[in-house]
Amino acid sequence: MALTILKCVLKNATARRCLYRRLYNSSHGFNETEAKKKLAQCSGGSINLCKGENGIAELCINHPSRKNAISGSMMLELEERVSDLENWKEGKGLIVYGAEHTFCSGGDLHSVKALSSPKDGLMMCMFMQNTLTRLQRLPLISVALVQGKALGGGAEVCTACDFRLMTEGSEIRFVHKHMAIVPGWGGASRLIQLVGSRQALKLLSSALGIHPEYALRIGLTDDILSSAADRALEEAKTWLTPYTKGPADTTRAIKKIVASGREHLFEDTLRKEKDIFGTVWGSPAHLQALSKAMKPN
Ligand SMILES: CC[C@H](C(=O)O)C(=O)SCCNC(=O)CCNC(=O)[C@H](O)C(C)(C)COP(=O)(O)OP(=O)(O)OC[C@H]1O[C@@H](n2cnc3c(N)ncnc32)[C@H](O)[C@@H]1OP(=O)(O)O
């Protein structure tokens, strides 16, 4: 019995390690401690997290004086909030949005200038790819609420969520080309997964503003919200609710399978599905649902 428990604990620990492992570490020349010191020197704004009783959290990109541009210290706070969410066992959903009804105008250009050496740029790139990959892998169903502008790194952040909801008049734009750079926070790789390589090539090479109707047509956004700016967050929560109904373990298990399927070969995903199935089959919630189902209606 003890051996079985130990095996189960080890399997869960391994599964957690896989789910939350970093993309880059010292073997890639990435020194997280050094990166954090450097990014902390570029201050401004904050990343605020509010975890709801209903299992849905709200993460606010909060730097309104700069249209929610993400400074170095905000990159650190974003990593801290993602860590918090990785340990939130009751979590089922997440809405990422920007303060004062606009999403995010990308990297804070003051911070970007301070990190303009190739070495510092690569450090920032690996730090943000680590963080946004962990955000995407969270066992929560995530939504980016795009109001106003999602530009540059802001467009990249919104691709790290499972779904995107855009309000009328909002815009997603990969402006990187105008700065003679390419996305570095993983946004190009995720865009190809979302809309396919042809559309991704069009959007990256044209730096075109992607408006809600076009985004809906190419599958970059999942819906267009019609409410007034100050009601959009409530509308986004209402949109997400049907997907997060029921036990947290069930919602989290479903997201873990899909997150695995996004990244692994089909056979590996089937094995992952089997492993995750084994964590919910026979659970109290399953047995309760089974007993309800057996009762004549
Ligand atoms: C890998 C990611 C990549 C990188 O890190 O290299 C990037 O994301 S770089 C940043 C890419 N983003 C941009 O180039 C967008 C720049 N901003 C704009 O185009 C406009 O500000 C816009 C469209 C967001 C809003 O225009 P609007 O006319 O409504 O307002 P203002 O332009 O007057 O902006 C108000 C205020 O915010 C400051 N601001 C805006 N964006 C940034 C930013 N990304 N970094 C720093 N500061 C920003 C702007 O300077 C104004 O400040 P003020 O002190 O009032 O002049």
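The values are calculated or read from the model by the stated rules, or taken from the named source; none is laboratory data. Note that the structure is predicted; figures quoted are calculated from it, not measured. Methodologically, a virtual Cβ is constructed for each residue, glycine included, from the backbone with ideal geometry; neighbour enumeration extends over all protein chains shown. SASA here: full protein model, heavy atoms, side chains in, ligands and nucleic acids out. Shrake-Rupley method; radii C 1.70, N 1.55, O 1.52, S 1.80 Å.
For the reader, a short list of remarks on this structure follows.
- Flag for Ala150 being under 17 Å from the mean Cα position of the chain (by Cα), surrounded by fewer than 21 Cβ atoms within 10 Å (Cβ to Cβ) and either basic (Lys, Arg) or within 13 Å of the ligand (Cβ to nearest atom) (or both): no
- Screening Ser65 with (1) surrounded by fewer than 20 Cβ atoms within 10 Å (Cβ to Cβ); (2) away from the ligand (no atom under 13 Å from the Cβ); (3) among the hydroxyl-bearing types (Ser, Thr, Tyr) gives one miss only, at (2).
- Qualifying residue in the range 41-58 (condition: surrounded by 18 or more Cβ atoms within 10 Å (Cβ to Cβ), within 19 Å of Val146 (Cα to Cα) and within 13 Å of the ligand (Cβ to nearest atom)): yes
- Residue list for the range 104-146, restricted to those being more than 10 Å from the ligand (Cβ to nearest atom), out of contact with any Leu (no Cβ under 6 Å at 6 or more places or on another chain) and open to solvent by less than 10 Å² (accessible area, probe 1.4 Å): Phe127, Leu132, Arg134, Leu135, Pro139, Ala144, Val146
- Failed criterion for Phe174 (all others in (1) touching a residue at least 12 places away in the same chain (Cβ under 8 Å); (2) closer than 19 Å to Cys60 by Cα hold): (2)
- Evaluation of Thr33 against the conditions (1) farther than 30 Å from Val258 by Cβ; (2) assigned to a helix (DSSP H, G or I); (3) open to solvent by 20 Å² or more (accessible area, probe 1.4 Å); (4) touching a helix residue (DSSP H, G or I) at 6+ places or on another chain (Cβ under 6 Å) shows that the sole unmet condition is (4).
- Selection of the range 210-267 for residues being of a type in the set (Lys, Arg), surrounded by 16 or more Cβ atoms within 10 Å (Cβ to Cβ) and more than 17 Å from the chain's Cα centre (by Cα) yields an empty set.
- Lys237 passes every criterion in (1) away from the ligand (no atom under 16 Å from the Cβ); (2) over 30 Å from Glu90 (Cβ atoms) apart from (2).
- Condition check for Asp222: over 18 Å from Cys104 (Cβ atoms), at pLDDT below 95 and acidic (Asp, Glu): no
- Residues (β-branched (Val, Ile, Thr) and more than 9 Å from the ligand (Cβ to nearest atom)) located in the range 171-188: Ile172
- Answer residue from the range 158-205, given it is within 23 Å of Leu115 (Cα to Cα) and in contact with a strand residue (DSSP E or B) (Cβ under 6 Å, 6 or more places away or on another chain) and is least open to solvent (accessible area, probe 1.4 Å) among those: Cys158
- Of note, Ser205 does not satisfy the criterion of being outside any helix (DSSP H, G or I) and either small (Gly, Ala, Ser) or more than 28 Å from Ala99 (Cβ to Cβ) (or both).
- Test: Ser83 is more than 9 Å from the ligand (Cβ to nearest atom), modelled with pLDDT of 95 or more and over 19 Å from the mean Cα position of the chain (by Cα): no
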